[in-house]
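The values are calculated or read from the model by the stated rules, or taken from the named source; none is laboratory data. It should be emphasised that the depicted structure is a prediction, and the values quoted were computed from it without experimental measurement. Note: ideal-geometry Cβ built from the backbone for every residue, glycine included; neighbour counts use all protein chains shown. Please note that ligands, DNA and RNA were not included when accessible areas were found on the heavy atoms of the full protein model with its side chains. Shrake-Rupley method; radii C 1.70, N 1.55, O 1.52, S 1.80 Å.
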Amino acid sequence: MRLRFLLRPGWLALTVVVFTFAICCYTLLAPWQFRRDGEQVTQNNALTTSFTAKPAPAAQLLPSGAKPDKNTEWHLVSITGTYLPSAEVVARLRTVQGQGAYEVLTPLRATDGTVYLIDRGYVGLSSDSGLLPYAAAPGGQVTVVARVRSDETDPKNREAFADASTNGKLQSYTVDSRVVAKSSGLTIRPGYFQLDQNQPGVLSPLPLPQLESGPYFSYALQWLAFGTMALLGWLYFTIRELRPGGALTTERPQRGRRKSVAEMLAEDEDEYTPTA
């Protein structure tokens, strides 16, 4: 039976590898890149809209403690309240435009009693990688305009801590309202709010993402092409193997032993020797 070669261990292993790779391309890798492309488009649309839209009251855009999502992230909101500098935390190990930095997170209690985590921007590092001095949050009631952001998540769930690098000020590994809420004992609504420039309490404002589509869509098409090429390659070699004799296993005819010069001269001499 000509299809029995498909049951050889080597061929079975090749088939498993090829089909596993193709399935991963179609069901994991390409969809992952399509999903990232969709997220990039959503982010770009939200940023573009925010450039012209008027800030909405935070309680209106995010009612009843709703978490920020793809439909609300990056939108501008206005919040009126009072900063709570005693609960301030700085986020460490940040990179802004290729430089190391800390981000300063200060809770703000709104006039309705809701506490929001405000990202006041970033501060550079000192010569020994410590925290440079920065201006304190203004006292009294202020109205800020900020962009809605989703909480970051620390896979290790580390709490805020203090050490000499920040002169005893609490620091965290993520910008996360839950970490600041736990360290301060405050009830802070989900998400955080990134200050734009020229806002009360802003330090160096964080730069906005670039409005570009990114390579994700082309990467997704490449993974689909790779999966298809793997299957077509397997099919091609399978068809060749099905040919009579098996194109991949047909042994080439062996060449005879190369004759020595003496043997060739002897044959020539026999050829021209006259017979009686």
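Residues checked against (1) open to solvent by less than 60 Å² (accessible area, probe 1.4 Å); (2) in a loop (DSSP other than H, G, I, E, B); (3) among the basic types (Lys, Arg); (4) modelled with pLDDT under 95:
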site	(1), (2), (3), (4)
Val148	yes, no, no, yes
Pro155	no, yes, no, yes
Arg178	no, no, yes, no
Ala181	yes, no, no, no
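Restricting segment 130-146 to residues that are touching a residue at least 60 places away in the same chain (Cβ under 8 Å) and within 32 Å of the chain's Cα centre (by Cα), which is most open to solvent (accessible area, probe 1.4 Å)? Reasoning before the result, please.
At the first step, the residues of segment 130-146 found to be touching a residue at least 60 places away in the same chain (Cβ under 8 Å) are 134-135, 137-138, 141-146.
Narrowing the set further to residues that are within 32 Å of the chain's Cα centre (by Cα) leaves 134, 144-146.
Working: Tyr134: 55, Val144: 0, Val145: 32, Ala146: 0 Å².
For segment 130-146, the residue satisfying everything is Tyr134.
Are any residues in segment 49-77 part of a strand (DSSP E or B) and either touching a helix residue (DSSP H, G or I) at 6+ places or on another chain (Cβ under 6 Å) or buried (at least 18 other Cβ atoms within 10 Å of the Cβ) (or both), and if so, which ones?
Taking segment 49-77 and keeping what is part of a strand (DSSP E or B), we get 56-57, 76-77.
Within segment 49-77, Leu76, Val77 meet the criteria.
Kindly evaluate Leu47 against the criterion of being aliphatic (A, V, I, L, M) and either modelled with pLDDT of 90 or more or closer than 30 Å to Gly233 by Cα (or both). Break it down stepwise before answering.
Working: aliphatic (A, V, I, L, M): yes; either modelled with pLDDT of 90 or more or closer than 30 Å to Gly233 by Cα (or both): no.
No; evaluated as a whole, the condition is false for this residue.
Considering only segment 3-22, how many residues are touching a residue at least 24 places away in the same chain (Cβ under 8 Å) and either open to solvent by 40 Å² or more (accessible area, probe 1.4 Å) or farther than 21 Å from Leu231 by Cα (or both)?
Adding up the residues that qualify gives 5.
Hey, any hits in segment 115-129 for a residue that's under 20 Å from Asp196 (Cβ atoms), open to solvent by 40 Å² or more (accessible area, probe 1.4 Å) and in contact (Cβ under 8 Å) with a residue 12 or more places away in the chain?
Yes - at least one qualifying residue is present in segment 115-129.
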